Every structure is written in structure tokens, then in C-alpha cells.
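The structure under discussion appears below in the form of C-alpha cells.
The values are calculated or read from the model by the stated rules, or taken from the named source; none is laboratory data. Bear in mind that the values here come from a model prediction, so they are computed numbers and not experimental data. Positions of Cβ are generated from backbone atoms using ideal geometry, with glycine treated the same way; all protein chains shown enter the neighbour counts. Keep in mind that these areas ignore ligands, DNA and RNA; they rest on the heavy atoms of the full protein, side chains included. Shrake-Rupley method; radii C 1.70, N 1.55, O 1.52, S 1.80 Å.
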Number of protein chains: 2
Amino acid sequence: MSILKKLTPKGIKQYTKSQLNVLCDELRATIHDTVMRCGGHLASNLGSVESTVAMFYVFDFPNDKVVFDVGHQCYPYKLLSGRADKFSTLRQAGGISGFPKRTESEYDAYDTGHAGTSVSAAIGLAKARDLKGEERAVIAYIGDGSFNNGLVYEALNSLKILDTKILIVLNDNGMSISPTVGGMYDIITEIKTGDKAEGIRLLESFGLTYVGVKNGNDLDEMLDAMSQAKEMLKNGSVLLHIATKKGKGYEFSEDHPTNTHGVPPVGSPKDKEYSEVLGESLCALAAKNPNITVVSAAMKEALGLSEFFEKYPERAFDVGICEENAAVLCASMAAGGLKPYYTIYSTFLQRAFDEIIHDVCAQNMPVTFCIDRAGISGADGETHQGVFDLSYLSLIPNLAIATPKDTVELTKLLEFSETYNHPLAIRYPRAGRVIFPTDDKPIELGKWEYLHKANVENSAKVTVLAAGERCIILAMKALKELQAEGLDCDIVNARFIKPLDEEFLQNTDSKYVVTLEDNVFNGGFGSAVTNALLRLQKGCKIKNFAYRDEFIHQGNVGALQSEYGVDWQEIKAYIKSVLV
Amino acid sequence: MSILKKLTPKGIKQYTKSQLNVLCDELRATIHDTVMRCGGHLASNLGSVESTVAMFYVFDFPNDKVVFDVGHQCYPYKLLSGRADKFSTLRQAGGISGFPKRTESEYDAYDTGHAGTSVSAAIGLAKARDLKGEERAVIAYIGDGSFNNGLVYEALNSLKILDTKILIVLNDNGMSISPTVGGMYDIITEIKTGDKAEGIRLLESFGLTYVGVKNGNDLDEMLDAMSQAKEMLKNGSVLLHIATKKGKGYEFSEDHPTNTHGVPPVGSPKDKEYSEVLGESLCALAAKNPNITVVSAAMKEALGLSEFFEKYPERAFDVGICEENAAVLCASMAAGGLKPYYTIYSTFLQRAFDEIIHDVCAQNMPVTFCIDRAGISGADGETHQGVFDLSYLSLIPNLAIATPKDTVELTKLLEFSETYNHPLAIRYPRAGRVIFPTDDKPIELGKWEYLHKANVENSAKVTVLAAGERCIILAMKALKELQAEGLDCDIVNARFIKPLDEEFLQNTDSKYVVTLEDNVFNGGFGSAVTNALLRLQKGCKIKNFAYRDEFIHQGNVGALQSEYGVDWQEIKAYIKSVLV
């Protein structure tokens, strides 16, 4: 790492081409080694090395600005912009973020994490430049997967309206997480493979001049193209379309770009994840019910749906990074008599918020949302935490919300969903376990279950209402320690967040009710329980454990839970304080 | 109305062309007269008469299905499908909806209200047809304004992926509410005006075959084109592009399509609306602050911004029906040092939910959301009520939320916003008044004010916390009646929903606290106050008035407020019951 170690952000301008080529090798090695250790996005970052080096060589950051769409291609940029010495802390608590972060460096112009924002953001930054009379280039660096997102189209549509100049670098490796699909990508591919005229005219309609690069992993080609783009940018907006290879430079990664898109650290424990159980359960249901369909937004593998897509290709739809379209497709398939399952990460479902209200719930359609990565998701940080879903879903009429106590209960909830003829959301974290023996009783809407009944006499009674596996584990941990001290409390699997088990709440004789959730407090489970208990005029005291009103940074899931307000020792301490 | 009166949905097939022409005239007259009396969408529905008659004549509804995008063009269809006798109840409580409603007629295949859902919905319905082995045509009927929305692009992108056949009728009148703008519209216009090849190739890339109609208000042309499209639909998806005149047939409406897009009933009282005050206040601020920009999503007139757009064209941006793009533009303009104001209706802001979280609030950007039509909006029904915003905004960290007590306080809140360097949402209903003399004190973040202090001794104290003008009016009405009976209570202008005035709550010595809001209960203002009072361990009793957990149908604003849970007589009765 002789060159990267000594590199300063401005120093790159003095490098020879052969030094720059060595730099590319060093960047690639550093990214590979760091991701193997820390986890992170490998293949996309390996593929963007040469284009980023060329961009950094040709443009003048941080005065010039670049917005990385999603941010899965920002590692080389981070290494070039003075963060090589700290890069070993990638995705660790307090360390370098896996995404652009304005608070981390003046070189990061705009935070990203969700797809499709870069072109809008570049236009906004460019317009601010114009109005403030500043001089700088503004660049959106975007992959072909994000280029499918409707927001990009809205932005392209408005480029002429805002009458400003940006450079769009379209890094086209033919993949998002899954291979890129759809009409727009066909147009882009046509341009790349030679049949250029119409596609280029299309881009001109949006106010873009087209420059194509055949091999975006060739540094010489990239240096020339970036210089050309910089020159053309004086006259108008430019689309620099570069064909790259996802995973470039590492054989396994080149051959397996889907498996190496997001990579866990080597040696991570391999539990059975909720996604696997989702895939198996949906396959089992689909075998009996021909109306079941599955819709995914570019994440079928991560959501455990590979087998479903193989077994039922005619009923499985991956529409690319188009979360809104996926939601309306589900609502309308349901209107047409099908039974659709929308599988998605919690944080990305935010994109379909209006369609959940307007298309699914206002029409009371039997769409089931299978929401993975709910709660704190950990190393991806602020933009990827799934800690809002209980709140933004709870406010929507007609929608039931469940959170399984373990992977077995996910299967049971899916069985319940099959005959439930209204909108239903099931949310769960990534890692799953089988915690408890499950009885044979089918799930009933809005019914909770005791996991432990306290053995208490002549003592105040405490009931812990725990929502979802993670919170149940914390509750049981607290219980074990309390029992060791001769204390006891009820533990309840509050598997339905909405409707609440009002009968349970009505009948409880507890003096203290404690709620636990893997979600922000505002508008969430604890808040709903509190309001229900007041409405029912129960005299009990209520204590809520939920995340406080802040964006949650990157780190270890358990540590973040504690840090932001859901800590088993505090739960135990509270219960002890009211019992002793 | 000799023909329309006798028309049955199936009967139209037997009509001669001259009868169909008379029918068109009668439809136009009926729509005009009804909208003048009931309010509603005039110009768009006048422009779609011939195409709808042709569609109804050629296709076989309700077995064939049509999805009207937004729904502003569905009146002729409603009149043709057996609802002419009830059409005089348009937009009234219990009457015909201004939008497609499955619950109203089997002819309405899919409910709409927000823009851009029709193509996705048609694809979903068509895929359901395919999988169920049914035979029917599925049509998306969409205006050129909606065609700008990113969701349409996501849907077009997925047409090949879902491998199904739909007909898209693109009713191109060159307007949404404002004239249509943007790159995609330029492409569509190019096709319309003769330079066809590239645009048509673009549509082919999405899997669509193009048919153009020069005069979509000519019944003969439309009948031929619909028959042709029906035939072509056997082989693949079709885009039928028809050029129409918005407001066709009524001179004033043709000449003033913006003013006649949405029309209030003749003789409606003309208050000074919040939108007017918004426009004046933003102009005043912009005169002194060159960093202020305004972004709108196709609604500048309705939001009171015409003057701003005229005075400050370089700082005013109407990006078309692209709510997400508008939000990211605001966040990035703020990142570039500007002070952006995003002006929008409450219900449409739902579309930008993820961008509010991910782009504006996670980056803590000084974007101000000016949210009009908040609370119950009335005659437009379920899809247009602005009753969720307090809830979906309250769960987002870093975002302050205010609701002015009257139009004067809107101006003061905007003055406050100018130096407030974080995300801020200001929400208000349409109609505004000047209710109270306002003191000269500037607004302070999270500070409420007494509007009335009770004159009580040796009596339980009641404090009413009212959020926004409408609730304050209800509170004052209740107070007046209570005072007539010798009773009294405090009335507080709870102008900040977030942060709450915790100092006020900490210091209150009231035994009873009553909250009023023009929003659903779940996750809203009352819920937040309840939780805060419990956390502060105040022993007071709390009573919340807010809307119950249901979609709110169309009707009169005041009547709906009462019906769904915020009724001044009930407020009075509650206060009396605890005081006497």
C-alpha cells in the first residue's frame, strides 16, 4: 500500500498514469480486505475503482461535489479523500460509514442510502450553486439498478425546468443487487451495444448530452472520458455512461456479483434467518393456493425468495428498485382476485407509504407485507434502520400489524395471512431463532399469548408486553436474573401490534405494565398500549422501553438497542424497583 | 337530456353515431351544470367526453376494466355506467364520489385519487386476469400531467417484466392543474407534432405500440381509434395518445383551464384562504432573503404562489406531479446553502414520506414544509383527507411541526422559519380567518400560548389544548356555552405539535387536560400529550378528541369532524361532566 498510505486528497493530481494504476490496485486490495473483515458492499465498490480515480484526478473536490446514489460505490472515493487511515473502522460503531456522510468529511456533499436520490440531489446542489453565483461541477454517480427508480425519472424530467448543469455518471454493470431489468434498461443497453440513435435522442430530450465509455474499468479510457465530460459540462448537462464489471478484480466476486453485493464479515455466525423461513413458508402456501403471488423490489435473494422464483416463475415478480410500483401492483393484483405478498426491507417500504395508504388500505385489499430487517439493522447506519415501521403503519386504518416471536411463528402468521382478507403487515429482524415450543393453536387476529406467568402471591404484579423476538429475548434475560433474586413477572408475546389484544388489557390485574419494542417510541407499540390502558381506565402504571427520538447511527445491534433505550438491564432494574 | 336519461350501460351499443354525438352534448351539459352546483373537476372531465363515449361503445364494461388516473376524468364514465340519476349528489355526503370507487359501482375497477397509479394498477389487474385465465381488456386512462410522475415510469419499466397486455389511453391536453412541463412531455409532444420516430421507438422499448389521434374531441376519430386499439391489444400493449382540449365545449373553461380544474360551487363564501397568506408572506420574506426558494409539485396556483412565481421566477420551481423529486430538490438546495420552502397539500406529501426522513430530516436540513389542505378536506373524500400528517411527521426525528391558530399566525410562523435552521412543517386547512389579536412577541420553538384563562376558584381546573384554527374555533364555541352556564376552562393555542411545550405541561395545575386535533388519534397530537403527561408524572386526567381509526368519506368538513370524533358539543359535554 505504498501509494495509498501517502496519498493526500490533493496529491493525486501529481501522480503519473502508472502510479494511478498502482493506486487502483491498492484501492481494490484495501476494499477487499476491509470488507472481508468488517462486512460491507464489495462487488459494486470494486467495479467503481477506475472511474472514481479518474473523477478524483480530473475534478476538484471538495469544491466540486459528487452525490453517490445509494452509496454502495463510495468506498474508493472515501479512500481517496483522506479517510484511508480510518478505513479499517468501516461500518463499526464510531467508525467510517458505509455510505456518504456530510458529518464525516467535507468531501461528502450529500448523504444517501436509499436508491434514486442522486440526480435530484445533484440538480438541487447545482441550482444552489447557480443562485449563489458559485463555480463548481456537480456530479451524480449512479448505478444502472438505481436508474430504474421512478425518482430518477422525475429528476431527469425536471432538469430542463430547473435549467442547470450537472454531470451524471451512469455506472452500468448490468446489476443492482439482482440483474437489472426493465424497459429503461433495455434502452440504455441498446445505446451501449451499438443501436444508439434513438436512445441518445431520448436523453437529449431530457437535456443531456451522451458520452459512452466501453470499458469503465480501463483507467486510460476513464481519464479521457472524465476530461471530456468536464469540458462538455461547460455547455450543458452530460450523461457519462460507463460499462463496468461488478466485482472487477476479484474472481469470485466477478462470477458471483449477487452473493458479493453485501458481504457479512468472514466468520459471522450462520443462524437460520427469517428470510429463509419466509421463502420456505411462501413456497408451501403457494403449492396449495394458486392465487398467491410474490412481488419484490430488486431483492429476491436477500429476502429468501430464490426458490419461490424458481418454482413459481409465473407468480413471482421482481420489478427492480421500484417500491411504489410494487405496492400498486399488489393492490391491483388483489383487486383482480389474487393474494399478493409484498416482500421488502423495512427501511425501503417507507418509499411506498402513500401507496400503502391510498392503494392497499383505503381499498382494504388483502395484501400481505413481509417486512424484513425491521428494527435496528446495525452496521448500515441511519439510512437503513427499520425503526419507524410500527409507527408509520399503526396510523393507517384497515391495516393489521404482527411481529412474530420466532421463526416458527412467522410460518404460523403466514398461514394466518392466507385466509385473512384485509391488509396485513408482518415485520421481523434479519437473524431468527426458534425460541419456544409453539402450541398447535392457529393464530387469531389481535390475540397475544403468555410466555411466562409469574408465580406471585401477596406481591405487586408486573406484566411485560414484548413485541417481537428481540424484545422477547431481552424480557426473558431480565426474567432469569429477576428469578435468581426471587422475583417474578409475566412475559407476554405481543404478537399483534394492531389490533392490540384489548381483551387481555381489559382483564389484566397487573399493577405495572412494561412495553418493549424494537422501534421508535413516537406512534409505536408502547404509545398505543399506553393510550389503550388509559381509555380502558386501568389504574396500572406503565413503563415504555422504545428508541428515543433520534436517528440511530451505525454499530452493533445489541449495543445500539441499549444505547437508544431498550436495554435488558434497565428493564430488569425497573421491574426490580417496583417489586422490591 | 333525452338520451342520457334513458341510457342503460349496455344500451349505448345500439346507438347511432348521431345519437352518440347528442349523448356527448348531454354529458357535457350535465357535467357542467352539476359541477357548478356541487363543485368538482370541470375542465378535465369536459375534455374527456368523446374518448370516454368511444371507449364505452367499443369495450365491454364491467367485464373489461378501466383505471382512471387520479380520477379527474371519470365523470363521463360514471354517467354512462348507470349513475346518471344519482349524479346530482356528486361530492355530497352519501352521494356520488368525485373519484372512482369500487364500493359505488361494479363498473369502478380500482379506486384512485393520487397521481400516477393507473398504469401499475392496470398491469396488476391484467396479470391477475392472465393468471386466472380470464378474458378482458384492461385500460389505464391517464392525463399528460400524471404521465410525469415517477410511478408511471416504474410501471412502464415493469410492463415487460410482468409480460402482460394493457391499453394506455394518454389523454393529452397539455395541462395537469398547471401546464405540463418536463423532458418526458417534450418527447410526447414531439410525437404529437410530427417528429415521431425516436419517441415511438422509446415507447416500443417499454413494450408499447403507439396509436395517435389528432383530435380526441372528435367522436368519429375516437371511435375508429378505440376499435383499432382493441384489435391491436390482442397482440400486445398499446399506447393510444389522444390530443384533447381541456374544458372542451365551454368557452370560459377552454380559455381558463387552470381556474376551472377544480371548481367550488357557485355562491361559495370567499374567505381569505391560508394559501393567499402563504403567497404574500413568502414574497415578503423573499424580498429580503435572496436564499429563499419555493418548490411546488404542479399546484402553484392552488397554493397561492402565482405572485411568487411571477416576482421570483429564478427562485420558484414547479416540477410537475413529482412530489418525491421536489422533496430531494429541497434537501439538496438546503445542502447548497439555500432556504427552500416545499409547498404542497397534506395528502400528496405522503408521497414524499421517505424523502422527508432520508433526505431532509436525517441530514437535518433547513427545509420548511408548507402543508395546505391539512385535516379533513371534505368533498374529495377518502383519498384526499389530510388527517394523517401530524402522525406520520411526528415520528420523524429532527422535524418540528407547527399549526397556526389563524392566518396571521401563519405569517409569524413563516417569519420564525426563516431563521430556524432545521426541518420544519407548518400545516393548516384551506379556509382561514383572523381569529384573535396577536401580540408582537415572536414565535418561540415549542411554546404555546393561552387564548383564555379560566376564572375559577375552589373548582376543578380544565385546560383545553387545541391544535390549529379549526380546533380552536370548536374550543371557543364550547367555552362560550360553558360560560353561559357559569362554567369556565383554559383554552391554549398548542401551536407546536412537536416539540410539545413541556414547560407548560410540567407547570400545569389542571386536573383535566383535553386535547383537540384535526388528525387521526393514532400517533397524533393527543397521543403525544398523553405520553408526555404520564412521563412527567402529572396526575391529571386526559381526554383526547381526534378522528377514529377509519378512512373518512366525503362530506361537509364540519359534519365530518363531528361524525369522526371531534365535535364541539361533545367537547362541551365532557368539560361540563367533569366540572359539575
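For A:H422, the solvent-accessible surface with a 1.4 Å probe is about 70 Å², rounded to the nearest 10. Ligands, DNA and RNA aside, A:W568 has an accessible area near 50 Å² when probed at 1.4 Å. Can you give the relative contact order of region A:320-474 as a percent, counting alpha carbon pairs under 8 Å and 6+ residues apart? Averaging sequence separation for qualifying contacts and normalising by length gives 22 percent for region A:320-474. Of the residues B:D172, B:D509, ranked by 1.4 Å probe accessible area with the largest first, the sequence reads B:D509, B:D172.
Note on A:A93 and A:A573: with the Förster distance fixed at 30 Å, the Cβ-Cβ geometry gives a FRET efficiency of about 0.80. Simple point charges give the picture: +1 on the Cβ of Lys and Arg, -1 on the Cβ of Asp and Glu, and for region B:447-491 a dipole about the Cα centre of about 160 debye. Note on A:356-368: average number of Cβ atoms from other chains within 10 Å of each residue's Cβ is 5. Ranking A:A374, A:P313, A:G337 by Cα position along the charge dipole of chain A, where only Lys, Arg, Asp and Glu carry charges on their C-beta atoms, puts A:A374 farthest toward the positive end. Spatial offset of region A:1-73 relative to region B:107-129 amounts to 46 Å, using the alpha carbon center of each.
Computed on protein heavy atoms with a 1.4 Å probe, the accessible areas place A:S562, A:S105 in the order A:S562, A:S105, largest first. Neighbours of B:A137 by Cβ distance under 10 Å: Lys/Arg scored +1, Asp/Glu scored -1, total +3.
In chain A, taking the dipole from charged Cβ atoms about the Cα centre, the farthest positive-side position among A:M36, A:A128, A:S281 is held by A:A128. Shown for A:P442: label points 7 Å from Cα along the beta-carbon vector, and their distances to the equivalent points in the other copies, 6.3 nm in ascending order. Shape class of region A:328-420 from the Cα gyration tensor (axes a ≥ b ≥ c, square roots of the eigenvalues): oblate, since a/c reaches 1.5 or more and a/b does not exceed b/c. Could you pull out every whole DSSP H run in chain B that spans at least 27 Å of Cα extent along its own axis and averages -0.5 or higher on the Kyte-Doolittle scale? Flagged H segments are B:17-38. Taken along the Cα-to-beta-carbon direction at a fixed 7 Å, the label points for A:K214 and B:E314 span 4.5 nm. Neighbours of A:I371, meaning other residues whose beta-carbon lies under 11 angstrom from its beta-carbon, give a summed charge of 0 when Lys and Arg score +1 and Asp and Glu score -1.
Using the Cβ-Cβ distance between B:D224 and B:R102 with R0 set to 45 Å, the FRET efficiency from 1/(1 + (r/R0)^6) comes to roughly 0.90. Defining a contact as two alpha carbons under 8 Å apart and six or more residues distant in sequence, what relative contact order in percent does region B:54-197 show? This gives 24 percent for region B:54-197. Oblate is the label for region B:311-353, because a/c, from the alpha-carbon gyration tensor with a ≥ b ≥ c as root eigenvalues, is 1.5 or above and a/b does not exceed b/c. Starting from the label point of B:R37 at 7 Å along Cα→Cβ, the same points in the other copies fall at 7.9 nm, in ascending order. Between beta-carbons, use under 9 Å as the cut-off and find the net charge around B:K405, counting Lys and Arg +1, Asp and Glu -1. Result for the neighbourhood of B:K405: -3. Suppose R0 equals 35 Å; then what is the FRET efficiency for A:K272 and A:H422 from their Cβ-Cβ distance, rounded to the nearest 0.05? Approximately 0.75, to the nearest 0.05. Averaged over peptide A:309-315, the number of partner chain Cβ atoms lying within 10 Å of each residue's Cβ comes to 1. Of all the C-alpha pairs in region A:1-160, what % are more than 19 Å from each other? Above the 19 Å cut-off, region A:1-160 has 54 percent of its Cα pairs.
Label-point distances for B:E503 to the equivalent site in the other copies, using a point 7 angstrom along Cα→C-beta, read 5.0 nm when ranked shortest first. Stick to the Cα atoms of chain A, pair each with every other, and give me the Kirkwood hydrodynamic radius in Å at one decimal. The Cα-based Kirkwood calculation yields 25.4 Å. Looking at region A:484-574, the GluC sites (Glu not before Pro) that sit in a DSSP loop and have at most 11 other Cβ atoms within 10 Å of their own Cβ are A:E485. Contact order, relative form, for chain B: 11 percent (alpha carbon pairs under 8 Å, 6 or more residues apart, mean separation divided by residue count). The label point for A:D440 and the one for B:K6, both projected 7 Å from the Cα toward the Cβ, are 6.8 nm apart.
Look at the Cα gyration tensor of the protein assembly as shown: its axes a ≥ b ≥ c give a/c under 1.5, and that counts as rounded.
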